[in-house]
Amino acid sequence: MSSPEIASLSWGQMKVKGCSTTYKDCKVWPGGSRTWDWRETGTNHSPGVQPADLEEVVKKGVKTMVIGRGMSEALQVPASTVDYLKKNGIDVVVLQTEKAVAEYNALAAQGVRVGGVFHSTC
């Protein structure tokens, strides 16, 4: 099962190929995607992405996780979150969201079991 391509990204809107939903923030993994609702884990721009935000994607057996920090990189990614992924044997890429989407799509096109979480505003 391959990771779905992110078809489009603009401020506050993301579309995943094969899915009719328009996301503000989203999680993607081999075979699926869904909205990334920060309220589920109490996430805020600071301290940022928590391991709890990534657990669902990690459980899908990804080898690489791409984290999009937002268009202006306002979303933080603490070292503890990167350590959590590395301890699970997952490569981590943290980039500004437009660059993160490009990297994610390139990895997906290569057949890598890649997952991602992307913030499409600030």
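The values are calculated or read from the model by the stated rules, or taken from the named source; none is laboratory data. Quick caveat, the model's predicted, so the values are computed rather than measured. No Cβ is skipped: glycine too gets one built from the backbone with ideal geometry, and neighbour counts run over all protein chains shown. Note: areas computed on protein heavy atoms with side chains; ligands, DNA, RNA excluded. Shrake-Rupley method; radii C 1.70, N 1.55, O 1.52, S 1.80 Å.
Spin-label model, residue 74 to residue 102: label points 7 Å out along the Cα-to-beta-carbon direction sit 2.3 nm apart. Which of the lysines could a cross-linker bridge to residue 24, judged by Cα under 21 Å and excluding same-chain residues fewer than eight apart? Reachable lysines: 15, 99. Neighbours of residue 22 by Cβ distance under 14 Å: Lys/Arg scored +1, Asp/Glu scored -1, total +3. For region 36-87, the C-alpha radius of gyration sits at 1.09 times the compact-globule guess of 2.2 N^0.38 Å, with N the residue count. Solvent-accessible area assigned to carbon and sulfur over the chain amounts to 49 percent, based on a 1.4 Å probe. Whole-Hz Karplus values for region 36-44 come out as 9, 9, 4, 5, 4, 10, x, 6, 9 Hz, taken residue by residue from phi with 6.51 cos²θ - 1.76 cosθ + 1.60 and θ = phi - 60°; glycine and proline positions read x.
Could you order the peptides 4-17, 21-34 from most to least packed, using the average number of other C-beta atoms within 10 Å per residue? Let's see the in-between values first.
On the way: 4-17: 16.6, 21-34: 19.1.
Highest-to-lowest ranking by the protection proxy: 21-34, 4-17.
Taking Rh as the Kirkwood radius, which is the inverse of the mean 1/r over Cα pairs, what is the Rg/Rh value for region 6-118?
Looking at region 6-118, the ratio lands at 0.92.
Taking every C-alpha pair closer than 8 Å and separated by at least 6 residues, the mean separation divided by the residue count of region 6-118 gives a relative contact order of 29 percent. Averaged over its residues, the chain has an accessible area of 48 Å² per residue, based on protein heavy atoms and a 1.4 Å probe.
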